[in-house]
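Below: the structure, in structure tokens.
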There are 4 protein chains.
Amino acid sequence: MSYNTFGQMFRVTTWGESHGPAIGAVVDGCPPGVALSEADLQPWLDRRRPGTSKFTTQRQEADTVRILSGTYQGRTTGTPIQLLIENTDQRSKDYGEIAASFRPGHADITYHLKYGARDPRGGGRSSARETAARVAAGGVARAVLAALVPGLKITGYMVQMGPHGIDRARFDADQIAQNPFWCPDTEAATRWALYLDQLRRDGNSVGAVVEVVASGVPPGLGAPVYGKLDADLAAAMMSINAVKAVEIGAGMAAASLTGVDNADEIRMGPDGPQFLSNHAGGILGGISTGQDVVVRFAVKPTSSILTPRRTITTTGDEVELITKGRHDPCVGIRAVPVGEAMLACVILDHVLRDRGQTGGLRGLIG
Amino acid sequence: MSYNTFGQMFRVTTWGESHGPAIGAVVDGCPPGVALSEADLQPWLDRRRPGTSKFTTQRQEADTVRILSGTYQGRTTGTPIQLLIENTDQRSKDYGEIAASFRPGHADITYHLKYGARDPRGGGRSSARETAARVAAGGVARAVLAALVPGLKITGYMVQMGPHGIDRARFDADQIAQNPFWCPDTEAATRWALYLDQLRRDGNSVGAVVEVVASGVPPGLGAPVYGKLDADLAAAMMSINAVKAVEIGAGMAAASLTGVDNADEIRMGPDGPQFLSNHAGGILGGISTGQDVVVRFAVKPTSSILTPRRTITTTGDEVELITKGRHDPCVGIRAVPVGEAMLACVILDHVLRDRGQTGGLRGLIG
Amino acid sequence: MSYNTFGQMFRVTTWGESHGPAIGAVVDGCPPGVALSEADLQPWLDRRRPGTSKFTTQRQEADTVRILSGTYQGRTTGTPIQLLIENTDQRSKDYGEIAASFRPGHADITYHLKYGARDPRGGGRSSARETAARVAAGGVARAVLAALVPGLKITGYMVQMGPHGIDRARFDADQIAQNPFWCPDTEAATRWALYLDQLRRDGNSVGAVVEVVASGVPPGLGAPVYGKLDADLAAAMMSINAVKAVEIGAGMAAASLTGVDNADEIRMGPDGPQFLSNHAGGILGGISTGQDVVVRFAVKPTSSILTPRRTITTTGDEVELITKGRHDPCVGIRAVPVGEAMLACVILDHVLRDRGQTGGLRGLIG
Amino acid sequence: MSYNTFGQMFRVTTWGESHGPAIGAVVDGCPPGVALSEADLQPWLDRRRPGTSKFTTQRQEADTVRILSGTYQGRTTGTPIQLLIENTDQRSKDYGEIAASFRPGHADITYHLKYGARDPRGGGRSSARETAARVAAGGVARAVLAALVPGLKITGYMVQMGPHGIDRARFDADQIAQNPFWCPDTEAATRWALYLDQLRRDGNSVGAVVEVVASGVPPGLGAPVYGKLDADLAAAMMSINAVKAVEIGAGMAAASLTGVDNADEIRMGPDGPQFLSNHAGGILGGISTGQDVVVRFAVKPTSSILTPRRTITTTGDEVELITKGRHDPCVGIRAVPVGEAMLACVILDHVLRDRGQTGGLRGLIG
């Protein structure tokens, strides 16, 4: 991944600032002949859209996506697809003070140091608004995957808010879309609502853990040793705003396991190898096994909060800063559809790369 | 990162199988005029070398590195540097059974599925032996960093073996090289020795957590939004054999923090901004802050163990498999110098990329 | 160069079809702090704009470029710059017959074969309209070069139309912008006008040779052996629509020279080495010498002509085809600003790449 | 193409200096399961090998290639293939004077300027010796093409030496390997022998034009608009030492054609579209048509000659230089197998890229 492009064969380049006229993505290398219209993309954007509950930023954005190129008569042509999303609610008056000082925990200071200047309006390029373009591109990836890998399914949800995790015993996939937290455990969701509401009223924010899972992934995806599927997933997830950690399968907990426990034993199933567990998260040696690909990532709390924090100004003065404006008290919530989008893009990229190198042939067992 | 190459400007391509005649790395894009000889690289390889204690594989490899190109009169010329390490101890008789069946938790099955065949001798390309080439390349990166960023220092160590973590209060950097575990806490090291010895005799293995830190990193490294410094670090570490999770700074724990606690507050120090904490792990918005860059990764237990595990053969028969041979009971130990090498390569790559785009100029504060 | 992106550090991704709503380019990796506004780009687009004389297509396009991202307060921020050009004159009724048959000499048939379908309106992605996006990106490159390499100057002109070349003895740079052919030889321009007018009335078209020259190029640009400056220039020029050959310096004529004649002998000038000739076209071993970089390319005649040509339909029927519509009788004319733009982009890319690897240091002589 | 790597999916990284211990290439992304041994590669290297006639350098190199990785039991495994060629005849005493001064027309001065120093022994990295690694990599590409595109055939030959071209009417493919010039016209070959012998005895050298042709190329290869097949071919050929121009099909002559003449008219043949001519050189819009892909390139005369030429030393003194040593009087001769190798690599890369994006499906006609 380099600059603002990710992917090797399915390549996504995003552009745009929070308070510029528009943001967008160019999707290049897309297979031709795939049915695609704006109606296929909009539902994914609606899931990430701000202002849908009191638990997300109150910024109002329609997030209407337009396809400016790369399709003809409702199908992809194999040429680059420009996805454009206009910014409609850019109340930059909210951000006056931000231009003069650096929010602690925010990219303000590093953009300033690296580039010598920055667009302070809404965080400019470092705004989470950029992730709308990822979600649009992910929608294209999903449309292609639906054509090329019919059984594949991608699901994201939150498994932890602040210190409060879900109870895996109560996991109910049908509940994910029924609460504002993409939470598969309704009891946890109820607790989270109370917890987050209090934090919000305190002018505070909190972190979260998101899990994204792809089922129906064909075996054989991934290009060892530096284009490993998990290496690309790690980069993809870590590139999302505010992400500080990425886990595959057992993740950090793999450190505590013995070899006896960690071994995902194998038996022969009706359709080939069957694994008795999935500590590997569907990836061995950087290549998919055919099991569910399981990725988790930690999202830090929003740094723009109403509680005063010590910082400095661009002129080097020490001040206390309160960040007014419209911010997500738990930015992890809206990271769920973003994580799904990145997972879709990375998997499709590897489907194409694998097809290129191997022709999609698979080694026989039995 | 693509196939067997990583990096954009400082590019490393590794090649070679565990039991082929040799392994190696081509380092391309190296700045010219840097003092470099084999003597600069060998110490790093010696740190990763197998067979140095009873806690690592008993395979005997001199791991002598030769520079075949890219230097003249003891200095780099700017042309590609071929680093070659001959394999000398390839007792492939150890691996007979492995050819016919798939070790649970190992890349055997995925290589077979993807490529239709695999080199089973010692794991072929999926062997941890590949990491020797990374360490050699990392040695080149260190030599260049010593010239370009004089104050930069990279340190790696283990912070957890199985369920047993270190006590940060007893952290003593001087102890790291004094025990076979790169452990900064001597009391932990003593406990780990007993623990691992028992596991080894039980024919079992265990995971670990490694932490690598770069201090003296200049601010401004990293290319948002997909070439973020942390995104590249995540990919680099996740590409190391057996790694299942990568954390930056607070990592997974960031999920439990509130915005008030997570904010690394800023004051003016004598030389510019000074942060009062480092939950960010030295990276904000994908760009280095100038603080220590802190990366942790979890290494799963070695899958080649003497305890029988259920698996299948290439002909689809269900069997129980014991992996004889010479294996690391805790492969995390030897991952320490590998993590350091990857950190060195990624940072140097970003030093060059930043210098290319910005000329190395930094925004002023005050 | 891959898909729709070219460049390594200064990366340009173009998108859009001839008759879609818009075309554009994302410019990524641009150095920060460079003064840039739409007014800096528009003049270059105006040079390439159709409909300015009877010798170019009568399609009317304002070719107004908008900067949607990547600048703030009139300066680049180091983030991706989206350049958008709306298509305003898309008379697609002109292209009805083209959808059903393949113009001989045109990309119609290859897009159909590769992608299974194509956007036939105005040639879709294969239209020369795509080059407007290159010119816009080239404008950004020029603005950056003006800041980083002040003395650098890029000049393009036509040196041959059909069989009629210029007389180098009459070369007058001031005349280039004074005739509709970017011709430095006014006598040739007068002859070309008569010649082309006749061809146009005959429903025919003709090829051309364009020369683009960069003076004030610093020595040391180019990354042997596959990122050679001339290799990148060759790819850049060959990627322009209708180009069939690229020459550097003496070009094809170098084949006829002896080593004695071809040697560009060197003397010491007041500011360093001085070459007595420039058969090399400013590039030796893939690296710039400091002399003028001289590139020529041949543009084939427009394939859309009013003279009937034999071809087949998408249903495999043999037909004779006349291409009505608005086409350039000599598309080489409008290739002049495109060649300049590509030269600017490639040189800037190498300035940044060189600065990244070497820090811009130059070896001393004397 | 970047630094010392070319190709996107079939990626070749070469390394090594003329007088270092060895040179070589890492071939990455190779499809698995392809029969490959050193015996498949050696014949191609033997064709390029120096010292085979009085018309090439008298340096004696066995050019024995060894495969160090990436194959198992005689087949590719999909992992990187290291090809190593030892340098055996490094008489660096020949090159004493070259270290102190810059050969006119040679990369000596540009390497010095860019890198601050250079390996002067035999030209170091800028030596044509590097092309042996290309030929080895091309051998791998040929083996893969033989498996994936059975009818494909690649043929290279010289069509011009100095001012003396071949007579196309006497073209006899069977003669190409029967003379030391890869000349398809025996009468021309006889004349060339006399001509070159005289030049050699005069201490002079001369340029040449090489043509390489691929027949049996499937339609649909090439990725517009910057990964066009011809753009990649142009870069590949221009990256060969001493090449100054690249032509596709009609090449520079396309400039002189009218649209009526240039149109390669199309009829329906028994197996699909049939073109009545091939001015396009098998490529339209950057995508292969299925016709022969025809590429020509001009090679400048060797700059190392025995005739004194004016130049300067590294200390800035003006001198006259004679280059003693063993040099090719017409380096174009040995460029023939190199051009073939590059053509093979580029075509295979595009076969894999096309298969990745489109799955190899082709649009129907009729």
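The values are calculated or read from the model by the stated rules, or taken from the named source; none is laboratory data. If you're wondering where the values come from, they're calculated on a predicted model, not measured in any experiment. With ideal geometry, Cβ positions are generated from the backbone for all residues, glycine too; neighbour counts draw on all protein chains shown. For the accessible areas, the whole protein counts, side chains as well, though only heavy atoms, and no ligand, DNA or RNA atoms are used. Shrake-Rupley method; radii C 1.70, N 1.55, O 1.52, S 1.80 Å.
List of remarks:
- 19 Å tail of the calculated P(r), the stretch B:177-247, as % of Cα pairs: 55 percent
- Shown for chain C: the carbon plus sulfur share of the solvent-accessible area, taken with all protein chains present and a 1.4 angstrom probe, equals 51%.
- Under conditions of 20 °C and 1.002 mPa s, the stretch C:237-285 yields 170 µm² s⁻¹ as its translational diffusion coefficient, taking Rh as the Kirkwood radius over Cα pairs in the Stokes-Einstein equation.
- Reduction of at least 40 Å² in accessible surface, 1.4 Å probe, comparing all protein chains with the chain by itself, residues of the stretch B:267-315: B:267, B:268, B:284, B:287, B:300, B:301, B:309, B:310, B:312
- Remark: accessible surface ordering of C:15, C:44 (largest first) is C:44, C:15, probe radius 1.4 Å.
- In this assembly of identical copies, the label point of residue D:269 (Cα plus 7 Å along Cα-to-Cβ) is separated from its counterparts by 4.9, 5.3, 7.2 nm, sorted shortest first.
- Sorted peptide list for A:174-185, D:210-221, criterion being average Cβ within 10 angstrom, highest first: D:210-221, A:174-185
- Alpha-carbon centroids, the stretch A:227-270 and the stretch D:293-327: separation in whole Å: 57 Å
- Shielding by other protein chains, C:204-215, mean Cβ within 10 Å: 3
- Rounded to the nearest 20 debye, dipole of the protein assembly as shown from Cβ charges on Lys, Arg, Asp, Glu: 0 debye
- Debye, to nearest 20: dipole size of chain B, +1 on Lys, Arg Cβ, -1 on Asp, Glu Cβ: 600 debye
- Cβ-defined net charge surrounding residue C:34, 13 Å radius [Lys, Arg +1; Asp, Glu -1]: +1
- For the stretch B:118-230, the relative contact order works out to 28 percent when only alpha carbon pairs closer than 8 Å and six or more residues apart are counted.
- Sum of -39500 (n - 2.57) over DSSP H runs of 4+, divided by residues of the protein assembly as shown (222 nm, nearest 500): -8500 deg cm²/dmol
- Solvent-accessible area of residue D:230 with every protein chain in place, 1.4 Å probe, in Å² to the nearest 10: 10 Å²
- Global form of the stretch B:111-230, assessed from the alpha-carbon gyration tensor, a/c cut-off 1.5: oblate
- Shown for residue C:319: label points 7 Å from Cα along the beta-carbon vector, and their distances to the equivalent points in the other copies, 6.5, 6.9, 7.1 nm in ascending order.
- The 1.4 Å probe gives accessible areas that order C:279, C:19, largest first, as C:279, C:19.
- Tilt relative to chain B, helix B:332-358 - C-alpha long axis, 0 to 90 degrees, to 10: 40 degrees
- Comparing chain B with the 2.2 N^0.38 Å rule of thumb, its C-alpha radius of gyration ratio is 1.02 (two decimals).
- Across B:114/B:300; D:54/D:153; B:54/B:153; A:244/B:244, pairs whose alpha-carbon gap is larger than 24 Å: D:54/D:153; B:54/B:153
- Coarse-grained scattering of the stretch B:307-366 at q = 0.13, 0.23 Å⁻¹, given as base-10 log I(q)/I(0) from a Debye sum over alpha-carbon atoms: -0.66, -0.95
- Projecting the Cα positions of D:229, D:81, D:30 onto the charge dipole of chain D (unit charges on Cβ atoms of Lys, Arg, Asp and Glu, taken about the Cα centre) puts D:81 furthest along the positive direction.
- When you restrict to C-alpha pairs under 8 Å that are six or more residues apart and normalise by the size of chain A, the relative contact order lands at 21 percent.
- Spherically averaged projected area in nm², based on the convex hull that wraps the Cα atoms of the protein assembly as shown: 48.3 nm²
- Axis angle, to the nearest 10 degrees, between helix B:229-238 and the longest C-alpha principal axis of chain B: 10 degrees.
- Residues losing 30 Å² or more accessible surface upon assembly, the stretch C:15-38, compared with the chain by itself, 1.4 Å: C:15, C:17, C:21, C:26, C:28, C:29, C:32
- Solvent-accessible area per residue, Å², over the protein assembly as shown with all protein chains present [probe radius 1.4 Å]: 29 Å²
- With the whole protein complex present, residue C:121 retains an accessible surface near 70 Å², based on a 1.4 Å probe.
- Most fluctuating residue given options A:269, A:290, A:151, as computed from a GNM of chain A linking Cα atoms under 10 Å: A:269
- Springs join every pair of Cα atoms under 10 Å in this Gaussian network model of chain D, and among D:283, D:347, D:312 the largest mean-square fluctuation is at D:312.
- Shielded by partner chains, the stretch C:338-356 residues - at least 30 Å² of accessible area, 1.4 Å probe, vs chain alone: C:353, C:355, C:356
- Label distances, nm, residue D:307 versus same residue in remaining copies, Cβ-directed 7 Å point: 4.4, 8.0, 8.3
- Pairwise centroid distance, computed over Cα atoms, of the stretch C:111-130 with the stretch B:109-185, Å: 50 Å
- The distance linking the stretch A:1-28 with the stretch B:34-87 is 39 Å (Cα centroid to Cα centroid, whole angstrom).
- Exposure check, 1.4 Å probe, all protein chains in place: residue D:153 carries approximately 130 Å² of accessible surface.
- Sorted from longest to shortest, the spans of the Cα atoms of the stretch B:46-119 along the three principal axes equal 50, 34, 20 Å.
- Solvent-accessible surface ranking, highest first, for B:294, D:243 at 1.4 angstrom: B:294, D:243
- Nearest-to-axis residue of chain A, judged by beta-carbon position, where the axis maps A onto D, in Å: A:356, 1
- Relative contact order %, the stretch A:181-335, counting alpha carbon pairs below 8 Å whose residues are six or more apart: 33 percent
- Principal-axis tilt of helix A:38-48 within chain A, Cα atoms, nearest 10 degrees: 60 degrees
- Total accessible area lost when B and A pair, probe 1.4 Å, Å² to nearest 100: 9200 Å²
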